[in-house]
Amino acid sequence: MMVSVHLAACQYHFEALPDWATYEAHWCALIEQAVSQGAQLLLLPEYAAMGLTALLAEDECADLQASILGLQRFLPQWLALNEALARRWQIYLCPGSAPVLDEDGCYRNRSWLFGPEGCLGSQDKLIMTRFEREQWYIQHGEGLQVFATELGKLGILICYDNEFPLLARQLAEAGVELILAPSCTDTEAGYHRVRIGAQARALENQIAVLQAPTVGKAAWSPAVDDNIGRAALYGPPDYGLPADGVVAQSASLCPEQSQWLLVNWQPERWQRVRQQGQVLTRRDWPEQLLPGRLRLK
């Protein structure tokens, strides 16, 4: 009998909440909603923590730089809350990402993974978008993390990082079976860029990629004011998996409230495809690098 892992990816709709107590209740209720439906691993989007900027004074949250500086005072509470929820419910929780001010004075877009035993580590975004580089001044991180869990080996590629094949390839070669792809996109084209990248990474490496996006409007924030995207689980189009590679996806691009996509992931199916698929893209990857293959004629 195949073992199923119950995954939950959130289309997270930003809400302007008045104080920490209200925010905490909102966040706890959101997590409990997925847990009550059997979720074992929960994924929220890139920059999900930006919802906390609504707690700042109006002039702070309306300013790109002041908002992320103000956010820093809430991050310890937010991280402690996520760790407590993971411990309480005995789940794996990736609460999305936040811009973090490091000791070198640079901001980095960081995501964390919490488990039943606490914080398992973090992953920084490695390749920054034009907005992050040129307007928000958020710097890239260094290195890829592999998270060994009872559910299997996991990796995190934040949004734009999914559009670059060598990052996912490194994770696949390190034994990662599921890539978590928190995303935040403000146009339908942006959403599709990340989606196409995530699907390509699933195809190339014959692994699973789970995407969770932000949705809706956050009028108080110049950084995450417009958001659109679908939550989904992607896999290689092959035996035992959907012909289009979309294992499951949410119904709407922009629901009016936060919604969870619940889906069962059966790692054995992906393993079988890697061994007995119609094609073996993971095995055949090195062939493109053989002498003469990349030579222009």
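Applying 0.36 nm per residue to the separation of LEU166 and ALA80 and subtracting their alpha-carbon distance, the gain on full extension is 27.7 nm. The listed peptides 198-209, 146-157, ordered by packing as a protection proxy, come out as 198-209, 146-157 (highest mean of other Cβ atoms within 10 Å first).
Less than 11 Å from a label point 7 Å out along the Cα-to-Cβ axis of ASP226: which backbone N atoms in segment 187-215 qualify, by residue? Counting only backbone N, you get 187-190. For the chain, the fraction of 1.4 Å probe accessible surface lying on carbon and sulfur atoms is 51 percent.
Here the simple spin-label model places points 7 Å from the Cα toward Cβ, and for GLN37 and ARG88 these points are separated by 2.0 nm. Rolling a 1.4 Å probe over the heavy atoms of the protein chains gives segment 76-203 an accessible area of 41 Å² per residue. What is segment 213-297 by shape, rounded, prolate or oblate, if you read a ≥ b ≥ c off the alpha carbon gyration tensor as root eigenvalues and call it rounded for a/c under 1.5, prolate for a/b larger than b/c, and oblate otherwise? Verdict is oblate for segment 213-297. For segment 126-256, the square roots of the Cα gyration tensor eigenvalues, ordered a ≥ b ≥ c, give a/c of at least 1.5 with a/b no greater than b/c, which places it in the oblate category. A straight chain from GLU256 to PHE131 at 0.36 nm per residue would run longer than the Cα-Cα distance by 42.4 nm.
The values are calculated or read from the model by the stated rules, or taken from the named source; none is laboratory data. Given the structure is predicted, the values throughout are model-derived calculations rather than measurements. Counting neighbours? That spans all protein chains shown, and the Cβs are built from the backbone with ideal geometry, glycine included. Remember, those area values only see protein heavy atoms, side chains included, never the ligands or the DNA or RNA. Shrake-Rupley method; radii C 1.70, N 1.55, O 1.52, S 1.80 Å.
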